[in-house]
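Asks: Got a structure here, written out as structure tokens. Questions coming.
Bear in mind these aren't lab numbers, they're just calculated from the coordinates by the rules spelled out. The structure displayed is predicted, hence computed values, not measured ones. FYI the Cβ positions are ideal-geometry reconstructions off the backbone, even for glycines, and counts take in every protein chain you see.
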Amino acid sequence: MPVDILIGFLPLPPLLAFFVIMLFTYRRNGLSHGLAIGSVTLSWLGSLVVFWHALQVRDLAEHPWGAQLNWIPTGNTWFQIGVHVDPLTVVTLFFVAWTILMIFIYSVGYHNYGQPRGTLDRPGLPPQGAEVQDAHGHRHRVPSVEPMYARFFALVSLFAFAMYLLVISDNLLTLYIGWEVMGLCSYLLIGFWYARESARNAAVKAFLTTRVGDVFMLLGLAALYTLTGSLNYRAILSNPQVLEILATTASPIAGISWAALIGLLLFAGTIGKSAQFPLHVWLPDAMEGPTPVSAMIHAATMVSAGVYLMIRFFPLLAAGWVPGQPLTLPMAAMAAIGAFTALFAATIGLAQRDIKRVLAYSTISQLGYVIAALGIGAYVAATFHLVTHAFFKALLFLASGSVIHGMEHGVYHTGDHLDAQDMLNMGGLRHRMPWTFWAFLVGGLSLAGFPLFTAGFWSKDEILASAFESNLLVFITLGVAALLTAFYTMRQITLVFLGQPRSAAAAQAHESRPVMVVPLLVLAFFAVTVGWVGVPQYFPGLGGRLPNWFGAFVGSMLGHAGETSHAIFTPTPLVVSVLASLGGLFLGWWVYRIQRERVQDVLARPLGGLYRLLERKYYVDEIYQAVLIRPALWLADVFTYRWLDQRMIDGVLHGVARLGIAIGHLFREVIDRPLINGAGDALAEGTHEVGTRLRALQPGRLQIYLLLALVAVILMGLAFFYIGMI
Amino acid sequence: MTWLESHWLTLILFAPTAGALILLILPVRNEKGIRVLALGFSLISLVLTLLLWARFESVPVTGGFRFVERAEWFSAIHAFYHLGIDGLSFPLVLLTTLLTPLALLASESIKTNLKAYMVLFLLLETGMLGVFLALDLLLFFVFWEVGLVPMYFLISQWGGANRHYAALKFILYTMGGSLGLLLAIQVIGLSGGTFDLVELFQRWPALTYLNLPLGLSIETIRAIAFWAFVIAFAIKVPVWPFHTWLPDAHTEAPTAGSMILAGVLLKLGGYGFIRLILPLFPNEAQRFAPALAVLAVAAIILGALGALAQQDFKRLVAYSSINHMGFVVLGVAAAALAWRAADPRAQLDANLALNGAVLQMFNHGLSAAGMFFLVGVIYDRAHTRDLRDFGGLYALLPVYGTILIFTAMASLGLPGLGGFVSEFLVVRGAWPQLTLATALSMIGLFFTGAYLLKALRSVLHGPLNPRWQGVLKDMSGLELIVILPLIGLSLLTGLWPAWLLGMINQAVVTLF
């Protein structure tokens, strides 16, 4: 099969799986997960074939593969959609395919396939565990299978479809479709356990927060389509003339160029999707979803999609920019927001107790890294970190899910009621869960940028090196963030795995099943090795021995301008990177090695108010509630509905109606009744009266009539006589 | 052309009337017979519409229309029985003939005066179809009014608690608009010398002299007539601030009535804008397009906010129509601005905006009818529509819940479903000319998400209200038959919009 056609088919198997599960196999757990995993395996296989073919081609960036078809008739032409594969697509497909497949396999174990159904389990709530009796008559509580097992696989299949669609699109409109379908899936999956109050709130929050960015993005689409007559990547991004025109034409807003305005509008979409400040608030709450979903959203798909958009549109964002010159407006915005977010989220991560929340903030922080890198023009480094982050973050999430699972096992065993996600309840798990421990350790070290061995080190180091050259403030911010990252990562590892168990449940925790552990090992493999494909040329000792395949492959996207600008080695960023990583790791261990109690973090007392500020996430949620959400509801309920509609518009209408009634009443009381009715009645009554009076003249006796006739004749005679006289 | 082809539209138009007449002589007690017969006659129109679609391309075009019929009607005043169909009217004819049988199927809960109900419903269908098919101004007006009366009775006889108020508000509001419309139609018909629309499209905008004993300039008269048209159609759409009849009427109407009200009746207004106002008043439309855009954006934003304020599920859905139909008017305003512009880019903008507006009417017909139906489904079971009374119903009603989420997403304009294509086209078409208005409409688009998620969150999610445990049953087969065509078409339009948009586009291109 030619590769072009194969590309178009990549998203289809998961979509089919979604429909088949939803319509037919929703009662059959085994069949459903078989379909789902089978479908993503097909997509994974296809992606690897595409990847393999792409490796054989020299000039994929100049001659990307693709195919188009007519989609929307627009006057005398058509709006075309199609597929597109260039080096950026290929590397994105690579990590997407691997992480999605691993997440799917892992989910089988996470949702307790093969376990009995729990008697207390209800759809919409996490499984509560089931009572079983063993051969000796002892009763145990064991994990029970997820009541909505098939539904989960249907929804993640749709999620996978949307991500594949987004990656292979050759235009912004189909990208936007994948983007929004993913938004829907995240809404449905964050709210998977919808019967929980917290889950339904988190789902709505995720959807609406990202939608803020999406509506800006839609305007960006409209503007770009208007100006260029297309939304196709090649027509816009590979066409220097179009970029030139966009960069030099002024938009109606503050005299900035159209390229800048469109760039900012698209960036707004990314701020929402990739959870950058100030739209980051949805992501930590998204932890309400099952852990595989967290991995899906935070590593493989959704947040990566936002960053992917920025990388994809980098030529537009940087239109008119020459390396070494001042940044374009969108780039400056990205550098500022990205760097700030990287630091801001890292500080919050320091004080979280929920194992998944720490990872959530680290996701926000690491994406800030990527955005900042892109903002300062480090295109390849940003892409590199996106890929390495996808692997080690997926690994960390799945490993944390394994930890939670193990803890829940302990909870069932001991019967304690405690939060299986609170790290202060854990401790010493390395003995109980050795595989998970090693996997988590690899992921954590990669996140912390442990030198040389881990993938995270190579990508982070490149970003720091680029930042050092272009902007010192960004460099310092990212450097501090790197230190904090290493610190909270080691805090997490220490609290969870090292020391002694701080609860009975932790002491009774249990290693997860192979179906969960094997995906961890696969991802751990990549969390280490992916870094080695991008070792920079200049790196002392190693550079040049390992080819910098990644730099050459992805760098070809930018043509000659994409050549790494920092070809000469400068020691400062490397030293900073190594010191931040090792120092942070050491401090994290050193501080938290003494944690014994379950109630309070050891730093809570010494840091006091600062700790509480971090723990409460700088009160951003509370502020939004007060200044955005409440006023919006007031605007809807009181202003629009009660005042405008009911009081003003309907008030006027009812006023008119009352006026009409009043006028009618007036007519009735003033004209109808007294005049018309009165006149009519008076006429009738007068006639009656006259008749009554005259009745006396008509007694029925002939003599009287004759007499009257006589009188009449005389009178008439007299009358004629006198008339004749005149 | 065979006899059948030359009377095709008459058959579509009057098949429901024939059904109504036959129903009248049927005994009242045969409830099942009445239902089957009414459904059967509405299906005749649907089947004929589908057959018409199949041979649409093969039939010759006369004056821009196909399947044209023309006969003398009132020869003294040059009014004709003139019917025709093109890509602008076909989607709405299809919508009407599709929604009517579905609405009849959704009338299971109607038990009292069933015969009268069905007769009125079939007459209503003829009235609506007549508006979409008429190519004569007077005929247009007659059908415009014909549709009004059955709906009044449907609301006032089979409606909810506040039905008399709502029905009266509905009919007075609409009649208020009709007054000006009738006068304006008379002015146009008399001064143009005919009521035939195809001729008027040429004659009326070209008139330079008006023989009216009013002493007003033709510009003034045109402007007055324009606003008379605009107000009549704006009330129907409805455009802010003429919208307050809608929440009451839609909320009080029986389920099937709400489906038709939101699904088709509102489109009469949108269709009027596109079929009559744009070709008859191109200059006035261009001049006043910014004002129209402001009202459209007000409808989009305030409609969404109004919906967000509701605690009654049905009222929330009712307000959502104001929000969505605003995009139709925004598209019309954008098209009016660039009407017959010399610049091919402006022409493309207008083309896209109008394509979007027509498609938006079709999509909104599907999603709004679906939403009202689903509200009816839950109301039939729970006998309440208060969002605060529900909660966690997804666990009890998995099929209903999934379909409700789907339909809400169609209404929200989720990419991949029909509503997105049309909203995107409108936004894209309006952006160059009405940049600020388009940008502001995004506020409405955001709140669309907010109110729909509010509804889903209150009904389906959260802890289960124990009051419903064991009380509610999931959707029946009949109910699925009603909703599945709506869902299917919405998905089809989202994935492959060209199936309908090709025809719309063709008509819009001819229009310019």
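Asks: For B:His250, are the conditions met, namely being crowded, with 24+ Cβ neighbours inside 10 Å and under 17 Å from B:Gly376 (Cβ atoms)?
Replies: yes
Asks: Yes or no: A:Thr210 surrounded by fewer than 24 Cβ atoms within 10 Å (Cβ to Cβ), more than 8 Å from chain B (Cβ to nearest Cβ) and assigned to a helix (DSSP H, G or I)?
Replies: For A:Thr210, the condition - surrounded by fewer than 24 Cβ atoms within 10 Å (Cβ to Cβ), more than 8 Å from chain B (Cβ to nearest Cβ) and assigned to a helix (DSSP H, G or I) - is not met.
Asks: Would you point out the residue of region A:333-356, among those that are more than 19 Å from the chain's Cα centre (by Cα) and polar (S, T, N, Q), that is farthest from A:Val474 (Cα to Cα)?
Replies: A:Gln352
Asks: Need at least 3 residues that are within 14 Å of another protein chain (Cβ to nearest Cβ) per element, so show me which helices (runs of 4 or more DSSP H) inside region A:597-686 make the cut, counting only ones lying wholly within it.
Replies: Answer list for region A:597-686: A:630-634, A:650-666.
Asks: I'd like to know if region A:200-207 contains one or more residues that are at the interface with chain B (Cβ under 7 Å from one of its Cβ atoms), in contact with a His (Cβ under 7 Å, 6 or more places away or on another chain) and not in a helix (DSSP H, G or I).
Replies: Kept after step one, since they are at the interface with chain B (Cβ under 7 Å from one of its Cβ atoms), are these residues of region A:200-207: A:200, A:204, A:207.
Filter once more, keeping what is in contact with a His (Cβ under 7 Å, 6 or more places away or on another chain): A:200.
Among the residues that remain, those that are also not in a helix (DSSP H, G or I) are: none.
No, region A:200-207 contains no residue that is at the interface with chain B (Cβ under 7 Å from one of its Cβ atoms), in contact with a His (Cβ under 7 Å, 6 or more places away or on another chain) and not in a helix (DSSP H, G or I).
Asks: Restricting to region A:221-240, and then to whatever is within 14 Å of chain B (Cβ to nearest Cβ), at negative phi and of a type outside the set (S, T, N, Q), can you tell me which residue is farthest from the chain's Cα centre (by Cα)?
Replies: Ranking the qualifying residues of region A:221-240, first place goes to A:Leu227.
Asks: Take B:Glu31 and tell me if it is free of Cβ contacts under 8 Å to residues at least 40 places away in the same chain and acidic (Asp, Glu).
Replies: Criteria not met by B:Glu31.
Asks: Would you mind finding the one in B:Leu484, B:Leu480, B:Leu501 that is out of contact with any Phe, Trp or Tyr (no Cβ under 9 Å at 6 or more places or on another chain), of a type outside the set (Val, Ile, Thr) and without any contact (Cβ under 8 Å) to a residue 40 or more places away in the chain?
Replies: Details: B:Leu480 fails: without any contact (Cβ under 8 Å) to a residue 40 or more places away in the chain; B:Leu501 fails: without any contact (Cβ under 8 Å) to a residue 40 or more places away in the chain.
The unique qualifying residue is B:Leu484.
Asks: Those residues that are away from chain B (no Cβ under 14 Å) and either in contact (Cβ under 8 Å) with a residue 24 or more places away in the chain or among the hydroxyl-bearing types (Ser, Thr, Tyr) (or both), I need them from region A:124-139; list them, please.
Replies: Listed by number, the list holds a single entry, A:Gly129.
Residues are listed down the side, and each one gets a yes or a no for (1) part of a loop (DSSP other than H, G, I, E, B); (2) farther than 25 Å from A:Val387 by Cβ; (3) under 28 Å from the mean Cα position of the chain (by Cα); (4) not hydroxyl-bearing (Ser, Thr, Tyr):
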{"site": "A:Gly406", "(1), (2), (3), (4)": "no, yes, no, yes"}
{"site": "A:Asp419", "(1), (2), (3), (4)": "yes, yes, yes, yes"}
{"site": "A:Leu424", "(1), (2), (3), (4)": "no, yes, no, yes"}
{"site": "A:Leu447", "(1), (2), (3), (4)": "no, no, yes, yes"}
{"site": "A:Phe457", "(1), (2), (3), (4)": "no, no, yes, yes"}
{"site": "A:Asp461", "(1), (2), (3), (4)": "no, no, no, yes"}
{"site": "A:Ser466", "(1), (2), (3), (4)": "no, no, no, no"}
{"site": "A:Val474", "(1), (2), (3), (4)": "no, no, yes, yes"}
{"site": "A:Ala486", "(1), (2), (3), (4)": "no, no, yes, yes"}
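Asks: Out of A:Gly66, A:Gly38, A:Gly30, I need the residue that is surrounded by fewer than 22 Cβ atoms within 10 Å (Cβ to Cβ), in a strand (DSSP E or B) and in contact (Cβ under 8 Å) with a residue 24 or more places away in the chain. Which one?
Replies: Just a single option satisfies the conditions, and that option is A:Gly66.
Asks: Still on this model: Within 11 Å of another protein chain (Cβ to nearest Cβ), under 25 Å from B:Ala455 (Cα atoms), surrounded by fewer than 23 Cβ atoms within 10 Å (Cβ to Cβ) and not basic (Lys, Arg): is that true of A:Leu218 in this structure?
Replies: Taking the combined requirement at face value, the residue does not satisfy it.
Asks: Give me a count of the residues in region B:210-241 that are crowded, with 24+ Cβ neighbours inside 10 Å and assigned to a loop (DSSP other than H, G, I, E, B).
Replies: Adding up the residues that qualify gives 4.
Asks: I would also like to ask the following. Read through the list (1) more than 9 Å from every other protein chain (Cβ to nearest Cβ); (2) in a helix (DSSP H, G or I); (3) small (Gly, Ala, Ser); (4) more than 28 Å from B:Leu295 (Cβ to Cβ), then give the number of the only condition that B:Gly494 fails.
Replies: Among (1) more than 9 Å from every other protein chain (Cβ to nearest Cβ); (2) in a helix (DSSP H, G or I); (3) small (Gly, Ala, Ser); (4) more than 28 Å from B:Leu295 (Cβ to Cβ), B:Gly494 violates only (1).
Asks: Now for a different question. Quick check on my filter: what residues within region B:395-420 are at the interface with another protein chain (Cβ under 7 Å from one of its Cβ atoms), within 30 Å of B:Gln347 (Cα to Cα) and under 21 Å from the mean Cα position of the chain (by Cα)?
Replies: The one that is at the interface with another protein chain (Cβ under 7 Å from one of its Cβ atoms), within 30 Å of B:Gln347 (Cα to Cα) and under 21 Å from the mean Cα position of the chain (by Cα): B:Leu414.
Asks: Take region A:267-305 and flag every residue that is of a type in the set (Gly, Ala, Ser), closer than 13 Å to A:Thr341 by Cβ and touching a Gly at 6+ places or on another chain (Cβ under 7 Å).
Replies: Once the filter is applied, which keeps residues that are of a type in the set (Gly, Ala, Ser), closer than 13 Å to A:Thr341 by Cβ and touching a Gly at 6+ places or on another chain (Cβ under 7 Å), region A:267-305 yields A:Gly272, A:Ser274.
Asks: So B:Leu511 clears everything in (1) closer than 30 Å to A:Ala199 by Cβ; (2) in contact (Cβ under 8 Å) with a residue 60 or more places away in the chain; (3) surrounded by fewer than 24 Cβ atoms within 10 Å (Cβ to Cβ) except one condition, right? Which one?
Replies: Answer for B:Leu511: the failing condition is (1).
Asks: Something else: Would you check which residues across region B:457-473 are at the interface with chain A (Cβ under 9 Å from one of its Cβ atoms) and surrounded by 24 or more Cβ atoms within 10 Å (Cβ to Cβ) and list them?
Replies: B:Leu460, B:His461
Asks: Suppose we filter region A:72-97 for residues that are closer than 30 Å to B:Trp499 by Cα and either in contact (Cβ under 8 Å) with a residue 12 or more places away in the chain or under 26 Å from the mean Cα position of the chain (by Cα) (or both); how many remain?
Replies: The number of residues fulfilling the criteria is 7.
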